[in-house]
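Okay, structure first, notes after.
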Amino acid sequence: MNPKGLAYLLAAGRTLIGIGLMTAPELVGKGWMGKKSKDPRIKLLLRVVGIRDFVVGLGGVLALSREGGGARGWILAGAACDTIDGAATALARDDLDDGAATQLLAIAAPAAIAGPVVAAMLDD
């Protein structure tokens with residue numbers, strides 16, 4: 001797959017995760033927050049993260065869809081989000097359900113690494 005296709009996967013995946021967190025935070029956030037995802041305060045925070053991911057992902061998709069570039073910044077922003085989410089989760093791992101930190105890190109770590117690599121290969 002070419003760099004633009006990989007960037008689309010990262011951006012579209014982030015957009016879909018954002019939609020899931022906004023619309024079904026308890027379900028989508030369960031892998032990250034475990035049973036705590038039922039707490040209304042945690043649902044609020046998951047929705048906020050969902051809005052962030054939706055906006056960053058959609059920005060990347062739209063930038064990749066038009067001529068003139070600009071996608072590199074969106075892909076790097078997504079990687080920064082994944083890095084911060086991973087670090088925050090690692091710091092809170094003792095307060096999360098068993099396996100919750102591992103599940104989030106299994107998604108966030110590869111995306112945090114792939115983002116800068118893919119961004120560097122883009123032509124914009």
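Here are some notes:
- Flag for residue 83 being hydroxyl-bearing (Ser, Thr, Tyr), in contact (Cβ under 8 Å) with a residue 40 or more places away in the chain, surrounded by 13 or more Cβ atoms within 10 Å (Cβ to Cβ) and in contact with a helix residue (DSSP H, G or I) (Cβ under 7 Å, 6 or more places away or on another chain): no
- For segment 47-84, a residue qualifies if it is modelled with pLDDT of 95 or more and acidic (Asp, Glu), and the qualifying residues are 53, 82.
- Filter result (without any contact (Cβ under 8 Å) to a residue 60 or more places away in the chain and crowded, with 19+ Cβ neighbours inside 10 Å) within segment 104-118: 105, 108, 112
- Residue within segment 45-63 that is in a helix (DSSP H, G or I), out of contact with any strand residue (DSSP E or B) (no Cβ under 8 Å at 6 or more places or on another chain) and more than 22 Å from residue 23 (Cα to Cα) present: yes
- The condition (being more than 14 Å from residue 114 (Cβ to Cβ) and more than 12 Å from the chain's Cα centre (by Cα)) is satisfied by just one residue among 31, 50: 31.
- Selection count, segment 23-41, where residues are modelled with pLDDT of 95 or more and surrounded by 18 or more Cβ atoms within 10 Å (Cβ to Cβ): 1
- Any hit, segment 59-80, residues being surrounded by 19 or more Cβ atoms within 10 Å (Cβ to Cβ) and closer than 16 Å to residue 105 by Cα: yes
- Members of segment 27-44 found to be touching a Leu at 6+ places or on another chain (Cβ under 8 Å) and assigned to a helix (DSSP H, G or I), listed by number: 28, 31, 32, 33, 34, 36, 37
- With respect to the conditions (1) more than 11 Å from the chain's Cα centre (by Cα); (2) over 18 Å from residue 11 (Cβ atoms); (3) in contact (Cβ under 8 Å) with a residue 24 or more places away in the chain, residue 74 falls short on a single one, namely (2).
- Put simply, of 80, 92 the only residue that is farther than 30 Å from residue 121 by Cβ, among the small types (Gly, Ala, Ser) and out of contact with any His (no Cβ under 6 Å at 6 or more places or on another chain) is 92.
- Selection status of residue 101, in a helix (DSSP H, G or I) and surrounded by 19 or more Cβ atoms within 10 Å (Cβ to Cβ): yes
The values are calculated or read from the model by the stated rules, or taken from the named source; none is laboratory data. Keep in mind that this is a model prediction, so the values were computed, not measured. Here the Cβ is made from the backbone with ideal geometry for all residues, glycine too, and neighbour counts use every protein chain on show.
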